[in-house]
């Protein structure tokens, strides 16, 4: 099982930087500008579900396969931070067992070359449960195929880093080809529980 690198993500570390950097920048951008080269996939600055990549966030559940899990995704604000929130109950009946919010990383038929980056970065919080990041490439020809890494979303905002080499192929043999990323999903899966996951930044880190 893949493990995340989780770092506390509070406000204190930004006091000096906020004096020097224009206030229009979010606290997340300030933090990452100090130490990392980060590609922002979305920071939820818009008032709709269109990402910084120009593609929409969508909610999915096992209902497409006959299950009865139900998801809700919504833009909201938690502790003064704009975010996208996934909530719902994961149910196992009818061979179900997942809900997710997913983002195409490029227009239809295209992919994102992430070979200059080392992994996925999230600024997130949740209800103490384990969640997954699922990546899809053109090698994922079946709906159930993906590359997966897990993390625990605690009750406070945290910076979570998932290196690409921690993503494990699920029900396919080909290794993850980061030159051709097609979709990223944030997923509650595999057991019956109430999901509550919010993300304020989704990106790739160098």
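The values are calculated or read from the model by the stated rules, or taken from the named source; none is laboratory data. What you see is a predicted model, and the numbers here were worked out from it, not measured in a lab. Cβ: placed from backbone, ideal geometry, glycine included. Neighbour counts: every protein chain shown.
Worth a mention:
- Condition met for residue 78 (surrounded by fewer than 13 Cβ atoms within 10 Å (Cβ to Cβ), over 26 Å from residue 178 (Cα atoms) and modelled with pLDDT of 95 or more): yes
- Residue within the range 127-136 that is buried (at least 21 other Cβ atoms within 10 Å of the Cβ) and either over 27 Å from residue 45 (Cβ atoms) or in contact with a helix residue (DSSP H, G or I) (Cβ under 9 Å, 6 or more places away or on another chain) (or both) present: yes
- Taken as a whole, the condition of being touching a helix residue (DSSP H, G or I) at 6+ places or on another chain (Cβ under 8 Å) and under 23 Å from residue 53 (Cβ atoms) applies to residue 201.
- Taken over the range 63-80, the criterion of being within 18 Å of residue 155 (Cβ to Cβ) and either assigned to a strand (DSSP E or B) or in contact (Cβ under 8 Å) with a residue 24 or more places away in the chain (or both) is satisfied by 76, 77, 78, 79.
- Residue 103 being surrounded by 15 or more Cβ atoms within 10 Å (Cβ to Cβ) and closer than 24 Å to residue 115 by Cα: yes
- Look at (1) in a strand (DSSP E or B); (2) more than 20 Å from residue 144 (Cβ to Cβ); (3) within 16 Å of the chain's Cα centre (by Cα) and you find that residue 44 fails only one, number (1).
- Per this entry, residue 97 is not counted among residues that are within 17 Å of the chain's Cα centre (by Cα) and farther than 10 Å from residue 198 by Cβ.
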